[in-house]
Amino acid sequence: MMDCVEDTNSDPLSVPAAPVDLDNTKLDKKRPSENVSLADNSLLVDISDALSEKEKVKFTVHTKTTLPEYQKCEFLVVRQHEEFVWLHDRYEENDEYAGYIIPPAPPRPDFDASREKLQRLGEGEGALTREEFLKMKEELEDEYLATFKKTVAMHEVFLQRLAAHPVFRNDAHLRVFLQYEQELCAKPRGKMDLIGGLMRSMTTTTDEIYLGATVRDVNDFFEQETSFLQEYCAALKEAVAKADRLTTKHKEVADAHIKLSSCITQLASREHPPTERFLTRTADTFDKCRISLWHYKRFIEAVIGAVRGRVQQRGAARAAARRKEQHAAHQLRTIHSRIHQKIEGRMASDQDLKLADTLRYYMRDTNAAKAVLVRRLRCLAAYEAANRNLEKARAKNKDVHAAEQQQADACAKFEQLSARAREELIDFRTRRVAAFRKSLIDLAELEMKHARSQQELFRKSLQVLTECQ
């Protein structure tokens, strides 16, 4: 076991503190994921802290246990993403777990998109007003932090599923991962490792197609599950792509509020007729883009009416009207800033978290369930081959005892794997339905909350503009 561990004198817990920025982001203690319910309290695992340093993310894994196999009751160890992948691979390589759905490895942390956007924003700083630049910078930082939190959550769910499973929790590699304080011998994957992973994926796909066509499965349950999971995985893949597009477009709506807010800020320095034309175009833009609620156009039209009434003033009243217009422009700027920060951006983040991430996670989990069916087909093919070898041995009256023993072992292994796979697939169905139900209910409640916030915001905005007349 210890040859899987790199013996080093460095203490992984002595991580220096660093300020929060895009290259060094720290996540404080948070509550465990709600999607995983542990069966008992004998082994509790959560990620109590995380630190992003350039291309690496260090996760502080906190473990509480009463199991006698562990040396202490509580542990704190620091792990990197490659060590999570190392643990996942140890489960996949173990034939004893062939009949179990192995939790999918967490996705690799990817902050390149956020860093690239921030770099482009810095290069184009001269073309933006200071207010636009600060708001866009804040938006990108929020996007980076949301990605960071999701990365931590995916790694935590992986460990919690292993700890909650009655068989996986007893694995020796998991004990090493949770309690060994030094770094494990898990290195970042190089080109050859990536090629090897691609070849294994192609082998699994080939086996799925070949064995599905050549091995006849007489069990109706597994035949139906195979057909269902193939269709379900394809549907999930399509749903993930559409949900990602939906989230992207909604984020673009939130980004549009930044420029809109900046433009409205310039109203105070404009003459009345140009201001009226500008607001008219703004109302048409909102109407075409269908941003937020359809009442928004009526809100902008009310602003136009207020400005039109002041345009008709002459003489001494003109200066007072201009001051009111400046005040109204300031109120509008504040309103749009609040819409951008408090509502539209949050709606996009909620859709990404509650819908897209749930779909994406169960697409990976469905592939893990399909892998169980492929392993069962391999076992069935080995069992049929053992039957054929036994028939040949009996026909030749040679090595009959060895062939009978091989056939009996293959039969026992196949029946045991089938029984485990049936239980796992039934549990997967129950867990999947419960997770989707919870995520969709949470999403609906959040959207209702945001809609009420928008309605209240528009009501207060109209009240403020009425007072400015």
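The values are calculated or read from the model by the stated rules, or taken from the named source; none is laboratory data. Because the structure is a prediction, the values reported are computed rather than measured. Backbone-built Cβ (ideal geometry, glycine too); neighbour counts: all protein chains shown.
Assorted remarks:
- Test for L145: is it in contact with a strand residue (DSSP E or B) (Cβ under 9 Å, 6 or more places away or on another chain) and outside the structural domain of C379 (by TED's automatic domain parsing): yes
- Residues of region 427-438 that turn out to be surrounded by 14 or more Cβ atoms within 10 Å (Cβ to Cβ) and among the aliphatic types (A, V, I, L, M), as a count: 1
- Residue within region 118-129 that is buried (at least 16 other Cβ atoms within 10 Å of the Cβ) and not hydrophobic (A, V, I, L, M, F, W, C) present: no
- Matching residues, region 58-76, being touching a Leu at 6+ places or on another chain (Cβ under 7 Å) and assigned to a strand (DSSP E or B): K58, T60, V61, H62, T63, K64, T65, F75, L76
- Residues of region 147-179 that are under 10 Å from the mean Cα position of the chain (by Cα) and among the small types (G, A, S): A153 alone.
- Within region 433-445, considering residues that are under 16 Å from the mean Cα position of the chain (by Cα) and at pLDDT 90 or above, the one nearest to L355 (Cα to Cα): F436
- Residue count for region 359-391 under the criterion of being of a type in the set (S, T, N, Q) and out of contact with any helix residue (DSSP H, G or I) (no Cβ under 9 Å at 6 or more places or on another chain): the result is 0.
- Test: residue in region 439-459 that is of a type in the set (D, E), surrounded by 15 or more Cβ atoms within 10 Å (Cβ to Cβ) and assigned to a helix (DSSP H, G or I): yes
- Some residue of region 399-417 being farther than 30 Å from P103 by Cα and of a type in the set (D, E): yes
- Hey, K137 surrounded by fewer than 20 Cβ atoms within 10 Å (Cβ to Cβ) and more than 30 Å from W86 (Cβ to Cβ) or not: yes
- Residue in region 89-109 that is assigned to a loop (DSSP other than H, G, I, E, B), more than 30 Å from E415 (Cα to Cα) and touching a strand residue (DSSP E or B) at 6+ places or on another chain (Cβ under 8 Å) present: yes
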